Amino acid sequence: MLGEAEPQWISEEVKTGTTIIAIEFNGGVVLGSDSRVSAGDSVVNRVMNKLSPLHDKIYCALSGSAADAQTIAEMVNYQLDVHSLEIDEDPQVRSAATLVKNISYKYKEELSAHLIVAGWDRRDGGQVFATLGGLLTRQPFAIGGSGSSYVYGFVDAEYRRGMTKEECQKFVVNTLALAMNRDGSSGGVAYIVTIDEHSTDEKVILGNDLPTFFDQ
Amino acid sequence: MAAASMMPIFSQNVSSNSDLVPEWSRQEVSTGTTIMAVEYDGGVVVGADSRTTTGAYIANRVTDKLTRIHDRIYCCRSGSAADTQAIAEVVSYQLGFHSIELDEPPLVETAAHLFRASCYRYREELMAGILVAGWDRRKGGQVYCVPIGGMLVRQPVSVGGSGSSYIYGFMDSNYKPGLSKDQCLDLTTKALTLAMERDGSSGGVVRLATISEDGVERRVILGDQLPKFSTH
């Protein structure tokens with residue numbers, strides 16, 4: 001019996017296609033993400049903030065399956081709250097990253113999400129951790145998501161040790177803009193979060209305020 | 001082998017016959033690759049890495065993927081080594097014949113169209129991504145991109161091959177119209193080096209060629225002379 005086929009996006013998994021990046025500077029970190037959520041060919045959310053707080057000064061960047069990534073972030077948010085009550089002080093970034101890694105590794109066959117954890121703590125300052133596939137590694141910067149493939153060359157060439165906070169913010173915005181231009185699953189606006197000892201600052205950069213390049 | 005009597009609309013396999021033999025022996029020889037071509041005022045710069053792989057084995061670590069089609073027309077090959085070599089030979093022959101009939105050096109656009117004709121007609125059987133670049137008197141330096149599927153488009157700068165994904169961002173941010181020949185060479189060398197560092201199917205040495213009215217100038221940049229990028 002021939003019926004009308006339902007639109008493709010209803011049966012497609014919702015993915016945060018994505019480009020995410022986090023970079024550490026002396027005294028804090030900068031995180032960045034695009035805002036596109038796709039289900040097959042449709043963009044189901046064009047303004048999603050993929051930078052999710054795990055604690056006051058610890059954020060994570062979500063990529064991969066939207067449901068998996070959000071669930072992991074919520075679980076770790078809860079576990080970190082309990083942990084920080086138990087130790088009666090602000091949690092370390094490494095603790096948050098370890099909690100994320102534990103979930104990602106234990107359920108690695110069922111999950112398809114990658115979270116980058118970044119933040120500031122009193123002990124080690126700004127730190128960035130990658131948890132791809134259930135590993136845990138601290139890096140000066142990390143990129144992830146489908147759009148990251150297109151900017152590996154750019155970040156390898158442009159990264160320098162010892163960049164200031166403003167230079168890091170510019171680096172993040174440029175990287176996101178380049179990736180959003182090339183990756184069909186990344187786009188929309190850019191969300192930037194800057195965390196240091198004194199503040200956690202969230203910013204949005206709208207489409208027409210993003211840097212442009214020679215072919216635009 | 002049991003025959004299936006009723007096939008579902010889609011099937012999901014847990015394992016397949018191919019688990020019995022190592023994967024690399026079933027792999028086609030591929031020029032994994034990163035290739036790049038840039039136009040400048042007066043000519044073009046073309047570049048490629050030098051790795052040919054059969055699965056995980058590097059069959060040739062000093063491959064020359066910059067193939068002469070005519071005196072001032074080269075092509076950069078990516079995809080199946082066999083397919084691209086065969087197409088390049090056919091096009092060289094066709095173009096040589098055409099040039100004799102015309103009694104003039106052939107146009108880059110003509111070479112590009114010949115590549116496209118073959119790549120499009122046999123698109124189901126072929127796996128070839130080709131950059132055609134060269135110099136002719138009518139339009140100067142030109143780069144034409146003929147990716148898998150057989151499209152044809154002229155671009156001022158183009159990258160191709162498996163390693164190209166990693167350098168789109170670098171290329172977009174560093175290329176500007178109006179670069180000089182040396183700036184193009186520098187851009188190409190850096191871009192290929194970055195891609196070779198990230199793509200497992202690209203590596204070896206960087207081969208470059210500059211094509212202009214004066215002819216073709218080829219050079220090789222060996223591993224230890226490649227630019228270094230620090231990420232720690």
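Dipole magnitude for segment A:19-206: computed about the Cα centre from +1 point charges on Lys and Arg Cβ and -1 point charges on Asp and Glu Cβ, it is near 500 debye. Here the Karplus relation 6.51 cos²θ - 1.76 cosθ + 1.60, evaluated at θ = phi - 60°, turns the backbone of segment B:69-74 into coupling constants of 9, 7, 3, 10, 9, 10 Hz, with x for every Gly and Pro.
Given a Förster radius of 51 Å and the C-beta distance between B:Leu222 and B:His113 as r, what FRET efficiency does 1/(1 + (r/R0)^6) yield to the nearest 0.05? FRET efficiency, B:Leu222 to B:His113: 0.90. Helices in chain A that qualify as membrane-span-like (whole DSSP H runs, Cα extent of at least 30 Å along the helix axis, mean Kyte-Doolittle hydropathy of 0.0 or higher) are A:66-87. Among the GluC sites (Glu not before Pro) found in segment A:128-216, those both in a DSSP coil and sparsely packed, with 15 or fewer other Cβ atoms within 10 Å of their Cβ, are A:Glu197. In percent, rounded to a whole number, the relative contact order of segment A:19-206 is 32, using alpha-carbon pairs under 8 Å and six or more apart. Using the 1.4 Å probe convention, the accessible area of the protein assembly as shown works out to 51 Å² per residue with neighbouring protein chains retained. Exposure check, 1.4 Å probe, all protein chains in place: A:Met48 carries approximately 30 Å² of accessible surface. Compared with the direct C-alpha span, the chain from B:Ala56 to B:Asp182 gains 41.9 nm at full extension, assuming 0.36 nm per residue.
When all protein chains stay in place and ligands, DNA and RNA are ignored, the 1.4 Å accessible-area order of A:Thr164, B:Thr67, largest first, is A:Thr164, B:Thr67. With R₀ fixed at 22 Å, the C-beta to C-beta distance from B:Asp71 to B:Gln155 puts the FRET efficiency at about 0.45.
In this structure the amide hydrogen of A:Leu54, modeled in the peptide plane, comes within under 5 Å of the amide hydrogens of A:Tyr59, A:Cys60, none closer than 5 places in sequence on its chain. Between exposed trypsin sites (Lys or Arg not before Pro) in chain B, where DSSP calls loop and at most 14 other Cβ atoms lie within 10 Å, what's the longest gap? Answer from the scan: B:140-227. Rolling a 1.4 Å probe over the protein heavy atoms leaves B:Asp172 with an accessible area of roughly 10 Å². Report, as a whole number in µm² per second, the diffusion coefficient that Stokes-Einstein gives for segment A:1-141 at 25 °C and 0.890 mPa s using the Kirkwood radius over alpha carbon pairs. Once the numbers are plugged in, D ends up at 156 µm²/s. The alpha-carbon of A:Lys108 sits under 14 angstrom from the alpha-carbons of these aspartates and glutamates, leaving out residues fewer than 8 places away in its chain: A:Asp68.
Per residue, the protein assembly as shown reaches -9000 deg cm²/dmol at 222 nm when only DSSP H runs of four or more residues are counted, each adding -39500 (n - 2.57).
Expressed as a whole percent, the accessible surface of the protein assembly as shown that belongs to carbon and sulfur atoms is 49, based on a 1.4 Å probe.
Distance distribution P(r), the protein assembly as shown, all Cα-Cα pairs, bin width 20 angstrom from 0: 23, 48, 27, 3, 0 percent. In straight-distance terms, cross-link reach from A:Lys165 covers every one of the lysines whose alpha-carbon lies under 17 Å from its own, apart from those fewer than eight places away in the same chain; here that gives A:Lys57, A:Lys203. Put a dot 7 Å past the Cα of A:Thr98, heading toward its Cβ, do the same for A:Asn49, and the two dots end up 2.9 nm apart. Across chain B, Cα-Cα pairs more than 31 Å apart make up 26 percent of the total. Loop only per DSSP, at most 12 neighbouring Cβ atoms within 10 Å: give me the trypsin sites (Lys or Arg not before Pro) in segment A:151-210, ordered by residue number. Taking segment A:151-210 and a limit of 12 other Cβ atoms within 10 Å, the loop trypsin sites (Lys or Arg not before Pro) found are A:Arg160, A:Arg161. The accessible area of B:Leu102, taken with all protein chains in place and a 1.4 Å probe, comes to roughly 90 Å².
When only DSSP loop residues count, what GluC sites (Glu not before Pro) in segment B:123-204 have their Cβ near at most 10 other Cβ atoms within 10 Å? Walk me through the numbers before you get to the answer.
Details: sites: B:Glu124, B:Glu125, B:Glu197; in loops: B:Glu124, B:Glu125.
Sparse-neighbourhood loop GluC sites (Glu not before Pro): B:Glu124, B:Glu125.
Annotation for segment B:58-108 versus segment A:80-111: alpha-carbon center distance of 57 Å.
In what order, largest first, do B:Ser78, A:Ser42 sit by accessible area if the probe radius is 1.4 Å?
Numbers: B:Ser78 10, A:Ser42 35 Å².
Order by accessible area, largest first: A:Ser42, B:Ser78.
Here the protein assembly as shown is treated with +1 on each Lys and Arg Cβ and -1 on each Asp and Glu Cβ, and its dipole about the Cα centre works out to around 900 debye. Evaluated at q = 0.09, 0.17, 0.18 Å⁻¹, a Debye calculation over the C-alpha positions of segment B:94-232 (equal weights, vacuum) places log10 I(q)/I(0) at -0.32, -1.09, -1.19.
Using a cut-off of 20 Å between Cα atoms, the listed pairs A:Lys101/A:Lys170; B:Lys176/B:Lys228; B:Lys139/B:Lys190; B:Lys139/B:Lys181; B:Lys190/B:Lys228; A:Lys170/B:Lys228 include A:Lys101/A:Lys170; B:Lys176/B:Lys228; B:Lys139/B:Lys190; A:Lys170/B:Lys228 as exceeding that distance.
Calculated from the alpha-carbon coordinates, segment A:65-189 shows an Rg and a Dmax of 15.7, 46 Å respectively. Measuring from centroid to centroid over Cα atoms, what is the spacing of segment A:168-216 and segment B:176-214 in Å? First find each Cα centre; the distance between them is then 28 Å.
Am I reading the B/A interface right? What is its buried accessible area, both sides, 1.4 Å probe, to the nearest 100 Å²? Separately minus together, B and A give about 1700 Å² buried. With the charge dipole of the protein assembly as shown set up from +1 on Lys and Arg Cβ and -1 on Asp and Glu Cβ about the Cα centre, the Cα lying farthest toward the positive end among the listed residues A:Ala61, A:Thr18, A:Thr212 is that of A:Thr212.
The values are calculated or read from the model by the stated rules, or taken from the named source; none is laboratory data. Fair warning: this is a prediction, and the values are worked out from it, not measured in the lab. Here the Cβ is made from the backbone with ideal geometry for all residues, glycine too, and neighbour counts use every protein chain on show. Quick note on the areas: whole protein, heavy atoms, side chains included, nothing else; ligands and nucleic acids left out. Shrake-Rupley method; radii C 1.70, N 1.55, O 1.52, S 1.80 Å.
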